[in-house]
Each structure stands twice: as structure tokens, then as C-alpha cells.
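The values are calculated or read from the model by the stated rules, or taken from the named source; none is laboratory data. Since the model is a prediction, treat every value here as computed from it, not as a measurement. Positions of Cβ are generated from backbone atoms using ideal geometry, with glycine treated the same way; all protein chains shown enter the neighbour counts.
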């Protein structure tokens with residue numbers, strides 16, 4: 001089965017365009033679909049997208065890049081989904097912002113991406129990394145049995161998270177006019193250099 005990859009847009013965004021807090025559950029699945037089990041993250045995110053659940057958004061990415069700070073800043077909770085050969089079971093763990101993004105390149109990891117979001121938008125949603133067991137990373141588009149089973153378990157975890165957010169009202173569609181808005185400051189993401197510059 002094929003899953004298309006859509007890279008995030010690179011454009012000018014402003015802090016004032018991002019409302020504080022209540023946002024959707026954002027599922028970011030990343031990996032290479034042409035490397036067998038490495039494509040399980042995109043496959044899971046694509047499946048979540050077909051659910052069309054209220055308050056749930058999914059993104060299919062080949063890799064994590066700085067441009068993802070915008071949808072992350074708009075989210076109420078983020079789950080990064082990736083393949084892992086280090087565990088034989090599906091693992092969901094919390095992830096915190098990194099200490100610094102000074103040495104960040106165009107390709108980033110979840111913690112540095114969260115820190116960049118915090119630096120640019122003065123907020124950082126709760127985040128977890130959901131890893132799915134994998135054993136085959138050769139060229140191919142099919143998942144191994146252990147990875148396919150793990151994906152089903154991971155999908156069940158995502159559905160539980162979505163249900164909890166819905167039941168507690170954290171994904172409410174309307175925002176009060178009294179909600180605090182972030183300060184108006186313009187920033188530009190320079191994807192080619194992996195740097196961020198504040199506009200005057």
C-alpha cells in the first residue's frame with residue numbers, strides 16, 4: 001500500500017495568528033514508506049486521517065522539520081509516531097522540550113522541535129512519542145508482521161487519547177473572545193539553513 005508524503009509549508013507566520021490553548025490532538029507520523037517498517041509512522045497517521053474524528057488532526061511527514069512548529073503551536077496535545085528497533089512492544093512516553101535549539105539543523109527530533117515551538121510561540125503543548133516495534137528497514141513498501149501488529153495496537157492507543165480529550169472537552173471547537181492571545185511578532189523559518197529569524 002502506498003502513502004503519499006506532503007511536506008509542511010514554509011512561509012511567514014505570526015504569533016498573533018496562534019490562539020492559546022485549547023487545540024486538537026495532533027498525530028505526526030514520520031518515516032520513509034519506501035523502507036518497509038520505517039513507513040509505519042506515515043501509515044498510522046494516514047489511517048488516523050481517515051477516521052475524521054472531531055478534534056483530531058494527523059500529518060504524514062518524511063521527516064521532522066522546523067516548519068512543523070506552526071501546527072504544533074496550534075495543538076493541545078501532540079503525538080509523534082515512529083518505528084523503533086529498540087523495543088519489541090508499542091511504547092508511549094512523554095517528551096519534554098530540549099534545553100536549547102542553537103545547534104538545530106534542518107532535520108530535528110521531537111524534543112528540539114518542542115523547544116523551538118516554545119521559543120517562537122511562548123507555549124508548548126503536552127507531547128508524547130509513540131514508538132512501534134520494527135525489524136525490517138530494507139527497500140520495500142510492506143510492513144513486517146510485528147510492525148503491522150504494533151500499528152494496530154498503536155492505533156488503539158491513539159483512539160483512547162482522542163476519546164479522553166473529547167470527553168474532557170479539551171478539543172472544544174469554539175474559543176472565548178476573552179482568551180489570551182499571543183503577542184504579535186513576525187518570524188520567518190529559513191528551511192534551507194534550518195535557522196529562525198525575527199522580522200522587524
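Some points to look at:
- Once region 59-78 is narrowed to residues that are more than 18 Å from residue 38 (Cβ to Cβ) and within 10 Å of the chain's Cα centre (by Cα), the residue that is surrounded by the fewest Cβ atoms within 10 Å (Cβ to Cβ) is 71.
Every residue, every condition in (1) touching a strand residue (DSSP E or B) at 6+ places or on another chain (Cβ under 9 Å); (2) under 21 Å from residue 137 (Cα atoms); (3) modelled with pLDDT of 95 or more, yes or no:
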site	(1), (2), (3)
77	yes, no, yes
80	yes, yes, yes
84	yes, yes, yes
90	yes, yes, yes
102	no, no, no
107	no, yes, no
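- Checking residue 72 against (1) part of a loop (DSSP other than H, G, I, E, B); (2) in contact with a helix residue (DSSP H, G or I) (Cβ under 6 Å, 6 or more places away or on another chain); (3) farther than 23 Å from residue 133 by Cβ; (4) in contact (Cβ under 8 Å) with a residue 40 or more places away in the chain, the condition it does not meet: (1)
- In region 6-46, residue modelled with the highest pLDDT [restricted to those that are surrounded by fewer than 19 Cβ atoms within 10 Å (Cβ to Cβ) and in contact with a helix residue (DSSP H, G or I) (Cβ under 7 Å, 6 or more places away or on another chain)]: 32
- Qualifying residue in region 107-114 (condition: over 17 Å from residue 157 (Cβ atoms), in a helix (DSSP H, G or I), more than 12 Å from the chain's Cα centre (by Cα) and free of Cβ contacts under 8 Å to residues at least 24 places away in the same chain): yes
- Residues of region 139-149 satisfying the condition of being in a helix (DSSP H, G or I) and either out of contact with any helix residue (DSSP H, G or I) (no Cβ under 7 Å at 6 or more places or on another chain) or at pLDDT below 95 (or both): 145, 146, 148, 149
Here is a yes/no grid of residues against (1) at pLDDT below 50; (2) crowded, with 16+ Cβ neighbours inside 10 Å:
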position	(1), (2)
114	no, yes
127	no, yes
130	no, yes
137	no, yes
162	no, yes
175	yes, no
181	yes, no
189	yes, yes
200	yes, no
